[in-house]
Amino acid sequence: MKANIILFDKPYSLELIAEGQAIQWAVISGACDKCKNKYECEHNRNFKFPKRAACMQKKSELIEKINTKK
């Protein structure tokens, strides 16, 4: 059985929802383990994900899919 459960405590923008889902995907899929930014990501709360990171590429993909369905 496969399930994604995401809890949001308040309304968030499409961009933040997609980012949360993309990061969840990256962790579960193992993409984070291969990322050269992993240490910085885990230890720096102000870290900005580079666009080349797998999670940000997935975020762009999710936003594109949502926008094409509108």
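Of the listed values [x] 12.7, 37; [y] 12.4, 44; [z] 11.2, 34, grab the one calculated as Rg and Dmax of the Cα atoms in Å from the structure here. Recomputing Rg and Dmax of the Cα atoms in Å here gives the entry labelled [x]. Give the carbon-plus-sulfur fraction of the accessible surface of the chain in %, rounded to a whole number; probe 1.4 Å, heavy atoms of protein chains only. Answer for the chain is 54 percent, counting heavy atoms of protein chains only.
Between 0 and 90 degrees, the angle of helix 54-69 with respect to the longest Cα principal axis of the chain falls at about 10 degrees.
The C-alpha atoms of the chain define a longest principal axis, and helix 14-29 lies at about 50 degrees to it. Per-residue ellipticity at 222 nm, computed for the chain from helices alone with -39500 (n - 2.57) per DSSP H run of at least four residues, works out to -18000 deg cm²/dmol. Scanning residues 5 or more positions from residue 53 or on other chains, none has an amide H under 5 Å from its amide H, with H placed 1.01 Å from N in the peptide plane. At residue 51 and residue 28, where each label point lies 7 Å from the Cα along Cα→Cβ, what is the point-to-point distance in nanometres? Label-label distance for residue 51 and residue 28, simple model: 2.7 nm.
The values are calculated or read from the model by the stated rules, or taken from the named source; none is laboratory data. Fair warning: this is a prediction, and the values are worked out from it, not measured in the lab. Positions of Cβ are generated from backbone atoms using ideal geometry, with glycine treated the same way; all protein chains shown enter the neighbour counts. Keep in mind that these areas ignore ligands, DNA and RNA; they rest on the heavy atoms of the full protein, side chains included. Shrake-Rupley method; radii C 1.70, N 1.55, O 1.52, S 1.80 Å.
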